[in-house]
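Asker: Here you go, one structure.
The values are calculated or read from the model by the stated rules, or taken from the named source; none is laboratory data. Keep in mind that this is a model prediction, so the values were computed, not measured. Neighbour counts run over all protein chains shown; Cβ positions are idealised from the backbone, glycine included.
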Amino acid sequence: MNSGGEPSRPGWLAGWSGLIARLALAAMFLYTGAVKALHPADFLKLLHEYNFASHPLVVNLVATTLPWAEVFCGGLLLLGVAVRGTALLLLLQLAAFTVAVVGRALAIQAAGGLPFCAIRFDCGCGVGEVNICGKILENGFLIFLAALLLVVRADKWALRHDMARSQ
């Protein structure tokens, strides 16, 4: 607050940017998690294409738990509960999946000789077939939003903050 009782500009901007980042990430993970959770067999088939685990039990475990974890994290962000911890978890997840998607794209490029940005495939992200360069940019933006939530207060319209304030 400045001396006139109005919100200071940097605090106002941080509050709104935190809210927008929180809601954007929440919407993305609620949607993509729900798509994967509602179509587990399709998600499982896509996971097999990454060859990240040799034991089928591990792939099955990831296919059944990851979508619900994404929905849970999206819900936490939507409500404004455990925002920084959730943002850190999603940032790490996005970074790992970006590396996996790039690795798969490089394998497709090596097999087919396509230019890198011409490669399209269903990455298993819940949005269908994507252009690899567009997906990398999208993930980079989502990583930025998650990192932003680590450094700004995202307590505007946050359930946890509102509950603490009412006591």
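Asker: Under 7 Å by Cβ, and 6 or more places apart or on different chains, what pairs join a residue from the stretch 9-23 that is over 16 Å from Phe144 (Cβ atoms) with one that is modelled with pLDDT of 70 or more and not hydroxyl-bearing (Ser, Thr, Tyr)?
Answerer: These pairs meet every condition: Gly15/Arg153.
Asker: Please find, within the stretch 74-91, the residue that is surrounded by the most Cβ atoms within 10 Å (Cβ to Cβ) out of those that are part of a helix (DSSP H, G or I) and among the small types (Gly, Ala, Ser).
Answerer: Checked the stretch 74-91; the qualifying residue surrounded by the most Cβ atoms within 10 Å (Cβ to Cβ) is Ala87.
Asker: Leu149 passes all but one of (1) farther than 19 Å from Tyr31 by Cα; (2) surrounded by fewer than 16 Cβ atoms within 10 Å (Cβ to Cβ); which number fails?
Answerer: Every listed condition holds for Leu149 apart from (2).
Asker: Output the number of residues of the stretch 97-117 satisfying the condition of being over 26 Å from Leu30 (Cα atoms) and touching a residue at least 12 places away in the same chain (Cβ under 8 Å).
Answerer: Counting residues in the stretch 97-117 that are over 26 Å from Leu30 (Cα atoms) and touching a residue at least 12 places away in the same chain (Cβ under 8 Å) gives 3.
Asker: Name the single residue, out of those in the stretch 101-132 being surrounded by 15 or more Cβ atoms within 10 Å (Cβ to Cβ) and out of contact with any strand residue (DSSP E or B) (no Cβ under 8 Å at 6 or more places or on another chain), that is farthest from Arg153 (Cα to Cα).
Answerer: Looking at residues that are surrounded by 15 or more Cβ atoms within 10 Å (Cβ to Cβ) and out of contact with any strand residue (DSSP E or B) (no Cβ under 8 Å at 6 or more places or on another chain), I get Gln109.
Asker: Considering only residues that are under 16 Å from Ala24 (Cα atoms) and either free of Cβ contacts under 8 Å to residues at least 40 places away in the same chain or among the small types (Gly, Ala, Ser) (or both), which ones fall in the stretch 60-75?
Answerer: Matches in the stretch 60-75: Phe72, Gly74, Gly75.
Asker: Assess whether Val71 counts as being within 22 Å of Gly128 (Cβ to Cβ), modelled with pLDDT of 90 or more, part of a helix (DSSP H, G or I) and over 16 Å from the mean Cα position of the chain (by Cα).
Answerer: no
Asker: Further, regarding this structure: Here is a check on your reading of the model: is Leu25 at pLDDT 95 or above, in contact with a helix residue (DSSP H, G or I) (Cβ under 7 Å, 6 or more places away or on another chain) and more than 18 Å from Gly126 (Cβ to Cβ)?
Answerer: Taking the combined requirement at face value, the residue does not satisfy it.
Asker: Only one residue in Phe141, Phe121 is within 26 Å of Arg84 (Cβ to Cβ) and not in a loop (DSSP other than H, G, I, E, B). Which one?
Answerer: Values: Phe121 fails: within 26 Å of Arg84 (Cβ to Cβ).
On inspection, the qualifying residue turns out to be Phe141.
Asker: Test Thr64 against the stated conditions and say whether it is hydroxyl-bearing (Ser, Thr, Tyr), within 23 Å of Gly33 (Cα to Cα), at pLDDT below 95 and assigned to a helix (DSSP H, G or I).
Answerer: For Thr64, the condition - hydroxyl-bearing (Ser, Thr, Tyr), within 23 Å of Gly33 (Cα to Cα), at pLDDT below 95 and assigned to a helix (DSSP H, G or I) - is met.
Asker: Yes or no: the stretch 46-53 includes at least one residue that is outside any loop (DSSP other than H, G, I, E, B), touching a strand residue (DSSP E or B) at 6+ places or on another chain (Cβ under 9 Å) and in contact (Cβ under 8 Å) with a residue 12 or more places away in the chain. Spell out how you get there, then give the answer.
Answerer: Just the residues of the stretch 46-53 that are outside any loop (DSSP other than H, G, I, E, B), to begin with: 46-48.
Next, only the ones that are touching a strand residue (DSSP E or B) at 6+ places or on another chain (Cβ under 9 Å) stay: 46.
Now restrict to residues that are in contact (Cβ under 8 Å) with a residue 12 or more places away in the chain: 46.
Taking every residue of the stretch 46-53 in turn, at least one turns out to be outside any loop (DSSP other than H, G, I, E, B), touching a strand residue (DSSP E or B) at 6+ places or on another chain (Cβ under 9 Å) and in contact (Cβ under 8 Å) with a residue 12 or more places away in the chain.
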